[in-house]
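One structure below.
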Amino acid sequence: MSRRRIIVLGGGIAGLSTAHSLARSQGQAGEVEVTLVERERRHDVHSTGRSAEILRVAVNDPITRALALETDRLFEDPVAAGLDAESLVDRTGLLVLNSGAPSWTADLERRGIVTRPDAASLRRLAPDLREAEDALRLEGRAYWFERGGRIRGERLVASLVSSAQRAGVTLLRNAGDAEVVSERGAVRGVRLHDGRLLDAEDVVVAAGAWSGPMARGLGVDLPLRTTRRHMFMTSPDPGSAPDSSSDSGSDSDSDSGRGNTAPVVWDDDAAFYIRREGSRWGISICDVLEASTQAPLYPVDPEIERMATEAVAGWVRRPGAALPLERGWSGFRDLSPDDRPILGPDPRLGGLHWCCGLGGHGMTLSLGLGRAAASAILGQPTELAAQCTVGRFESVLA
Ligand SMILES: Cc1cc2nc3c(=O)[nH]c(=O)nc-3n(C[C@H](O)[C@H](O)[C@H](O)COP(=O)(O)OP(=O)(O)OC[C@H]3O[C@@H](n4cnc5c(N)ncnc54)[C@H](O)[C@@H]3O)c2cc1C
């Protein structure tokens with residue numbers, strides 16, 4: 001019996017996780033031959049390597065939240081999830097500050113995933129917070145996620161790469177810009193930058209911010225908004241308590257927060273998050289800038305940098321001295337209208353599938369997302385996957 005050839009186009013976290021899950025589904029849905037095509041030499045050049053790596057299941061959309069919870073469960077036992085890695089998360093705890101009535105609270109409180117501690121118990125749970133105590137104004141709006149924290153992004157990517165290869169995925173890295181080729185209402189395969197055509201019955205577009213433009217090139221619109229967000233790293237904080245982590249200070253070393261014990265703090269009201277990185281702080285003012293893949297990639301906006309410097313001064317107060325930002329970067333976030341990823345087959349073109357629209361949740365959704373996408377691509381969608389298809393946007397398909 002011939003094998004079904006599936007090409008995954010894009011090898012960030014979405015493509016890697018999907019390719020891994022597809023190859024692991026071997027046999028359950030017939031034989032598949034999976035090839036992953038990535039433009040760059042590395043998998044973390046774009047959003048996947050530019051994230052804050054915060055594991056946050058406090059998400060309003062119930063389906064996205066369920067995918068996040070599924071991923072959190074899979075992170076607990078990476079070997080059972082088919083990964084050759086040990087711990088993939090630093091479970092430092094996550095403190096979310098929100099004085100509104102976010103819709104995730106009831107569900108997550110019922111499951112015992114979040115608690116509402118008073119300031120005294122918070123200080124006991126997270127002694128490092130004393131440094132920013134006044135600015136936090138904790139009481140009445142604090143939600144404590146004991147199992148939240150920081151995903152070890154570099155380790156997750158490396159493990160998905162090696163585990164996918166072991167499961168039989170062919171990786172084509174450094175492939176340049178590849179494009180989907182279609183004829184007579186169905187995909188035919190993928191044309192590589194060097195002109196070679198790889199034939200396939202199915203193509204999964206997992207191209208992050210490039211997915212929308214790719215859809216338009218195929219004549220099928222996707223309701224995605226391309227935005228950009230910044231993240232900054234402060235210089236070493238002379239007043240910070242010693243931390244057990246290494247202090248490489250390199251943003252390319254996304255594992256540098258290893259061993260951190262300080263909780264991540266995310267203030268929804270102020271649109272600000274802060275996490276410890278050795279003696280530095282990684283921060284974002286949660287900016288949402290309209291962006292385009294056509295413009296020069298990843299500039300750092302001076303106005304955002306100025307606002308971020310001010311925000312740090314308000315949060316990490318040091319007598320007599322501000323804490324300057326040492327460096328910053330930005331990255332794409334491709335947002336869908338309901339903050340839920342777009343997964344699975346597109347009824348407008350035979351053999352075309354999506355795994356995109358991860359927004360600000362890509363690292364948090366990683367493993368659950370790959371599983372859901374694979375189930376939909378193989379025609380056996382899980383309940384969650386069935387709620388993520390492009391078909392939910394009737395206006396787009398009309
Ligand atoms: C500043 C910032 C902070 C964030 N913080 C968090 C966080 O704390 N927690 C969280 O869960 N998420 C966070 N995110 C979101 C997360 O980073 C993204 O959702 C996720 O990385 C998206 O992954 P992706 O695989 O869809 O995209 P990408 O990582 O961009 O991967 C897409 C890949 O497709 C490839 N590609 C594109 N076009 C082609 C082509 N024509 N041919 C071949 N290859 C192609 C690209 O080279 C790229 O490698 C953050 C994002 C940013 C920018």
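When segment 182-209 is filtered for residues that are surrounded by 21 or more Cβ atoms within 10 Å (Cβ to Cβ) and more than 17 Å from Pro345 (Cβ to Cβ), the ones remaining, listed by number, are Gly208, Ala209.
When Leu16 is tested against (1) within 12 Å of the ligand (Cβ to nearest atom); (2) in contact (Cβ under 8 Å) with a residue 40 or more places away in the chain; (3) surrounded by fewer than 20 Cβ atoms within 10 Å (Cβ to Cβ); (4) not basic (Lys, Arg), only condition (3) is not met.
Here Met1 passes the criteria (1) away from the ligand (no atom under 14 Å from the Cβ); (2) out of contact with any helix residue (DSSP H, G or I) (no Cβ under 8 Å at 6 or more places or on another chain); (3) at pLDDT 95 or above; (4) among the aliphatic types (A, V, I, L, M) except the one numbered (3).
Within segment 31-45, the presence of at least one residue that is touching a residue at least 12 places away in the same chain (Cβ under 8 Å), surrounded by 23 or more Cβ atoms within 10 Å (Cβ to Cβ) and among the charged types (D, E, K, R) is confirmed. Criterion first (away from the ligand (no atom under 14 Å from the Cβ), within 19 Å of the chain's Cα centre (by Cα), touching a residue at least 60 places away in the same chain (Cβ under 8 Å) and outside the structural domain of Ala119 (by TED's automatic domain parsing)) does Ser159 satisfy it? Answer is yes for this residue. For the condition within 12 Å of the ligand (Cβ to nearest atom), over 22 Å from Glu70 (Cα atoms) and either surrounded by fewer than 18 Cβ atoms within 10 Å (Cβ to Cβ) or not assigned by TED's automatic domain parsing to the domain that holds Val8 (or both), what is the one hit in Val312, Val288? Only one candidate qualifies: Val288. Scanning segment 204-230 for residues that are of a type in the set (A, V, I, L, M) and in contact with a Lys or Arg (Cβ under 6 Å, 6 or more places away or on another chain) yields one hit, Val220.
Can you pull out the residues in segment 47-71 that are within 23 Å of Pro263 (Cβ to Cβ) and either of a type in the set (Ser, Thr, Tyr) or within 11 Å of the ligand (Cβ to nearest atom) (or both)? Scanning segment 47-71 gives Arg50, Ser51, Ala52, Glu53, Ile54, Leu55, Arg56, Val57, Val59, Thr64, Ala68, Thr71.
The values are calculated or read from the model by the stated rules, or taken from the named source; none is laboratory data. Here the structure is a predicted model, which means the values were calculated and not measured. So basically every Cβ, Gly included, is an ideal-geometry build from the backbone, and we count neighbours across all protein chains shown.
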